[in-house]
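Where a number appears in this text, it was derived from the coordinates with a stated rule and is not lab data. Computed from a predicted model, the values in this text were never measured in an experiment. Here the Cβ is made from the backbone with ideal geometry for all residues, glycine too, and neighbour counts use every protein chain on show.
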Amino acid sequence: MELGRVKELVSSIREDWPYEGQVKGFLLKLLEGCEGSDWLKAACCLKLLIESGIQLLYLRRFKPEERERVLRRRARRAASFNMSMLERSGLPGPYKAKVLRAYLAIAAYVHPSPEALGQSLRPRDVERALEAIELLFSALAK
């Protein structure tokens with residue numbers, strides 16, 4: 001799986017507060033381990049990239065001084081990430097739908113499912129995930 005473009009996008013995340021810089025560093029480290037990986041590890045990496053992009057866009061909807069409080073409150077409730085964040089991410093509707101479809105397709109590989117038992121990622125699912133990641137991280141670079 002070619003991740004050069006994803007690395008560029010992650011590197012371009014605008015750092016409005018320290019957490020964004022920490023997430024950027026975490027994702028760059030994650031990407032190092034994803035190169036040439038097996039299909040299950042690749043699915044986990046793609047899923048985590050989509051989740052991180054959604055979470056950062058969601059948190060940007062709050063004032064910078066409120067973001068830390070929101071994140072801590074959600075973490076205490078074991079909800080540091082959930083799909084309701086996508087609804088409140090600020091992305092236009094068609095983009096939300098595209099991200100959701102890609103996320104669901106990739107998430108199917110990291111749970112016992114017919115897709116996961118198939119022993120490989122479908123190229124179309126990888127392509128959709130990479131398109132969703134590009135949408136999310138392009139928005140984060142603005």
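Charges were assigned to the Cβ only: +1 to each Lys and Arg, -1 to each Asp and Glu. The resulting dipole of region 4-141 about its Cα centre is roughly 560 debye.
Set against the 2.2 N^0.38 Å expectation for a compact globular protein, the chain has a Cα radius of gyration ratio of 1.02.
Within the chain, the selection of entire DSSP H helices by a Cα span of 18 Å or greater along the long axis and an average Kyte-Doolittle value of at least 1.0 returns 39-59.
Using a cut-off of 12 Å between beta-carbons, work out the net charge of the residues near residue 87 (Lys and Arg +1, Asp and Glu -1, residue 87 not included). Before the final figure, lay out the partial values.
On the way: positive: 61, 88, 96; negative: none.
Local net charge: +3.
Counting 0.36 nm for each residue step from residue 111 to residue 77 and taking away their Cα separation leaves a gain of 10.0 nm.
Please give the residues of region 92-112, grouped as numeric ranges, whose backbone N is less than 20 Å from a label point set 7 Å along the Cα-to-Cβ vector of residue 66. Label zone hits: 92. Under 8 Å for C-alpha pairs, at least 6 residues apart: give me the relative contact order for region 4-141, rounded to a whole percent. Relative contact order, region 4-141: 37 percent. Anisotropy class assigned to region 60-142 is oblate, per the alpha carbon gyration tensor with a/c at or over the 1.5 cut-off and a/b no larger than b/c.
Other residues lying with their Cβ under 12 Å from the Cβ of residue 55 contribute a combined charge of +3, Lys and Arg counting +1, Asp and Glu -1.
By the rule of a C-alpha distance below 21 Å, with chain neighbours fewer than 8 residues away ignored, the lysines paired with residue 47 are 7, 24, 29, 96, 98. For a 4.7 Å threshold on C-beta separation, the list of partnerless cysteines in the chain reads 44. A Gaussian network model of the chain, with springs between Cα atoms under 10 Å, assigns the largest mean-square fluctuation among 118, 33, 21 to 118.
Between beta-carbons, use under 13 Å as the cut-off and find the net charge around residue 22, counting Lys and Arg +1, Asp and Glu -1. Could the numbers behind the result be given before it?
Details: positive: 24, 29, 67; negative: 15, 16, 20, 68.
Summing Lys and Arg as +1 and Asp and Glu as -1 gives -1.
Considering only 104, 46, 57, the Gaussian network model of the chain with Cα springs below 10 Å gives its largest mean-square fluctuation to 104. At full extension, residue 14 and residue 39 could sit 6.0 nm farther apart than now, given 0.36 nm per residue minus the alpha carbon distance. Loop-located trypsin sites (Lys or Arg not before Pro) in region 1-105 (DSSP state other than H, G, I, E, B) with a sparse environment of at most 15 neighbouring Cβ atoms within 10 Å: 14, 61, 77, 88.
Think of the chain as having a plus end and a minus end, set by charges on the Cβ of Lys, Arg, Asp and Glu; of 64, 123, 17, 64 sits farthest toward the positive end of this dipole.
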